[in-house]
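Worksheet for the structure shown next.
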């Protein structure tokens with residue numbers, strides 16, 4: 001019973017996986033192949049984790065990568 005009480009105390013909208021996207025989603029966003037996204041993870045250019053048996057990319061690290069790699073000279 002105590003275990004259920006703790007689960008009920010958590011806000012229903014706080015899913016830790018909300019901060020991550022699938023490799024396929026990141027690939028679509030960057031318009032590159034899934035293998036390229038995996039390579040970026042291996043090279044440490046984006047943060048990746050394995051969750052629920054699937055590789056996922058941190059949304060924050062992908063945003064930072066995009067800002068770093070695709071910044072323009074227009075400022």
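The values are calculated or read from the model by the stated rules, or taken from the named source; none is laboratory data. These figures come from a predicted structure and were not determined experimentally. Methodologically, a virtual Cβ is constructed for each residue, glycine included, from the backbone with ideal geometry; neighbour enumeration extends over all protein chains shown.
Of the numbered criteria (1) modelled with pLDDT of 95 or more; (2) not in a strand (DSSP E or B), the one residue 6 fails is (1).
For the range 52-67, the set of residues classified as part of a helix (DSSP H, G or I), over 8 Å from the mean Cα position of the chain (by Cα) and either surrounded by 17 or more Cβ atoms within 10 Å (Cβ to Cβ) or in contact (Cβ under 8 Å) with a residue 60 or more places away in the chain (or both) consists of 65 only.
Inside the range 32-51, can you point out the residues that are in contact (Cβ under 8 Å) with a residue 24 or more places away in the chain and assigned to a helix (DSSP H, G or I)? Passing the criteria: only 40.
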